[in-house]
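Asker: Sending over a structure as structure tokens; questions will come in a sec.
The values are calculated or read from the model by the stated rules, or taken from the named source; none is laboratory data. Since the model is a prediction, treat every value here as computed from it, not as a measurement. As a convention, Cβ positions derive from the backbone with ideal geometry for all residues, glycine included, and neighbour counts pool all protein chains shown.
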Amino acid sequence: MRRGITLLVLLFAILIGMQNKINFVKSDSTIIPEEAIRLRIIPNSNDEKDQELKLKVRDEVINTISKKVKDVDDKDEARIIIYDHLDDINEAVEKVLVENNMDITYYVDYGLTNFPAKVYNNNLYPAGNYESVYIVLGDGRGDNWWCVLFPPLCLVDLAVDEESLSSTPKVEYSFLIVEKIKELFGYK
């Protein structure tokens with residue numbers, strides 16, 4: 001009996017270790033493509049008001065740029081459009097600051113930006129320098145927010161209402177071995 005359990009554990013360890021080679025599962029999560037142009041916004045602080053302002057700036061900037069790149073398939077073309085509309089991005093940030101009676105400095109740039117590592121939908125996005133629109137509000141000491149501006153993957157985040165952003169996220173627990181067995185036999 002003990003030998004059977006040992007063999008079973010060994011088999012599962014081999015399957016888990018070879019997951020990338022065998023590719024049991026088709027991933028339905030969004031993976032950031034190589035040609036992505038990102039958007040990164042760093043708020044003044046982690047104060048609730050500064051974090052809310054960051055999200056308002058996000059919405060306005062995405063609304064401004066997504067209209068311009070929505071039908072674009074080529075990164076070089078998207079790059080030129082975004083670069084040519086940096087003034088529009090500056091105006092979008094200024095608009096949000098005025099609407100919210102915020103008298104703080106801000107900085108908008110486009111180029112290579114250092115991003116921290118992030119895990120999203122079980123995918124690790126390594127830290128590194130990535131092409132992006134980079135916005136710093138005030139002192140820029142708050143937790144950053146980022147997404148992919150081109151191709152427009154940020155639009156998914158705009159579908160989330162403000163109530164769900166402030167509520168406690170649901171946590172789902174599972175066991176790796178059980179999930180691998182389900183994947184092996186095609187169960188979800």
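Asker: Could you grab me the full set of residues in segment 90-106 that are in a helix (DSSP H, G or I) and either modelled with pLDDT under 95 or hydrophobic (A, V, I, L, M, F, W, C) (or both)?
Answerer: Within segment 90-106, the subset in a helix (DSSP H, G or I) is 90-99.
Matches in segment 90-106: Ala92, Val93, Val96, Leu97, Val98.
Asker: Regarding segment 76-89, can at least one residue be identified that is of a type in the set (Asp, Glu), part of a strand (DSSP E or B) and under 18 Å from Val148 (Cβ atoms)? Break it down into steps so the answer makes sense when it comes.
Answerer: Filtering segment 76-89 down to residues of a type in the set (Asp, Glu) leaves 76-77, 84, 87-88.
The next check asks that each one be part of a strand (DSSP E or B); those that pass are none.
Scanning segment 76-89 turns up no residue that is of a type in the set (Asp, Glu), part of a strand (DSSP E or B) and under 18 Å from Val148 (Cβ atoms).
Asker: Out of segment 95-146, which residues are loosely packed, with under 12 Cβ neighbours inside 10 Å and over 19 Å from the mean Cα position of the chain (by Cα)?
Answerer: Answer for segment 95-146, where residues must be loosely packed, with under 12 Cβ neighbours inside 10 Å and over 19 Å from the mean Cα position of the chain (by Cα): Val98, Glu99, Asn101, Asp103, Thr105.
Asker: Would you mind telling me which numbered condition in (1) modelled with pLDDT under 65; (2) exposed (fewer than 11 other Cβ atoms within 10 Å of the Cβ) Met18 fails?
Answerer: Evaluating Met18 over (1) modelled with pLDDT under 65; (2) exposed (fewer than 11 other Cβ atoms within 10 Å of the Cβ) leaves (2) as the failure.
Asker: Filter segment 44-75 for residues that are outside any helix (DSSP H, G or I) and not charged (D, E, K, R) and give the result.
Answerer: Our first condition is that a residue be outside any helix (DSSP H, G or I); within segment 44-75, this holds for 44-47, 70-74.
Across segment 44-75, the qualifying residues are Asn44, Ser45, Asn46, Val72.
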